Every structure is written in C-alpha cells, then in structure tokens.
Amino acid sequence: MSNLVINTDSLTDTERAIAEFLAVKARHTEEKKKKTWKPKINERYLFFDNVASINTEIWTQHRLDEERYSIGNCFKIKEDAEFAVEKLKVITELKRFAEENNPPEFKQNSFNKKWILAIRLGSDKIESIWVHSIYPMISFATEEIANAAINKVGIDRLKKYYLGISTESEV
C-alpha cells in the first residue's frame, strides 16, 4: 500500500471529515486483505446461516462453498464468524434507526446536508459530523438523530463493529 500525506489545514470541515473517513477505510481494507482466508479442499470452515447461527462445513468447492466465500461468509475461527454476525446486527440497527427517525423527505444517497457517525484521527470519541456527500453511508437528517443513534446502539459496539476500532481491553 502506498502512503499518501495530505495537509488538511486548507480543507473545510466536511472535506477533512471525508478524508479522515477514507483514511480509516483504506487502513481497514488493507488490514482485511491481509486477513483474507480461503479454505483448501477438505478443510473445515465456519459460516453463519439465515438466523445467524454459526455452523461448520467441509470445503469441497461446491457452489454453496464458493457463494459463502464470495460474500465474506467463510471463517477459519469462531470468533471471526461471531464478529461478522455482530457487525451485521449493528449496521442493521443503524439503518433501521435512520429509516424510522429521519423525515420521509430525507434521502440517504443524495447531495443534501446529512450527519454521519465518525471518529476523528487521534481520538477515541465517536462524533456526529455533517457532510455534503453522495458517498453511500448510513446518514441522519439532524445531529440530534445521529446522537440518538449513538446512544441507542452504544458507543463500544459502534467503535468495534461499525468503525472497526479495538477497545483498550482488546489491544
């Protein structure tokens, strides 16, 4: 991965927030690439089913094996499968909260002012920040709705499963 240094002094708050979001995403994507694992023939793997139960299967390169792998539902250890299930739950909770609390005229992927959940580089505090972006992300019509989502889902769960930040006890 090549490094890119950006002087953010001349950026607006919105541009700075987007740059920080992309930096975290790029770091997380690079870490994820290093962790990608694909079973070999006759190797046992774990996956979660349609009710989020963790199951095991033997890899035979069957169509179901390949389909699970293609959507990221193929794990070497139980903890990774459990993490993926909890991450999906947090994302679903946020999406539903946004759908239930944003006004009907609010459009998620339009170029309107919206509030997103973010964590500033060098900080461990989740903030709601406003952006003008069509970048697909869970967003909220007001700062109050975004802060209510933080309170409902929980700071520790958001950090760990939505923003991909380890808590002090996990380091």
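Read-outs: derived from the displayed coordinates by stated rules, not from any lab. Bear in mind the structure is a predicted one, so any value in this text is a computation, not a measurement. When we count neighbours, we look across all protein chains shown, and the Cβ atoms used for this are built from the backbone with ideal geometry, even at glycine.
The overall shape of the stretch 34-80, judged from the alpha-carbon gyration tensor, is rounded, with an a/c ratio under 1.5. In this structure, the pairs whose alpha-carbon distance is over 21 Å, taken from Lys95/Lys152; Lys35/Lys125; Lys113/Lys159; Lys107/Lys160; Lys87/Lys125, are Lys35/Lys125; Lys113/Lys159; Lys107/Lys160. Quick one: Debye curve from the C-alpha atoms of the stretch 41-147, no solvent, what's log10 I(q)/I(0) at q = 0.16 Å⁻¹? Result of the Debye calculation: -0.81.
Under the simplified labelling scheme, the Glu143-Lys78 pair shows an inter-label distance of 4.5 nm, with each label point 7 Å from Cα along Cα→Cβ. The phi-based Karplus calculation (6.51 cos²θ - 1.76 cosθ + 1.60; θ = phi - 60°) puts the 3J(HN,Hα) values of the stretch 61-66 at 6, 5, 3, 5, 4, 5 Hz, whole numbers, x for Gly and Pro.
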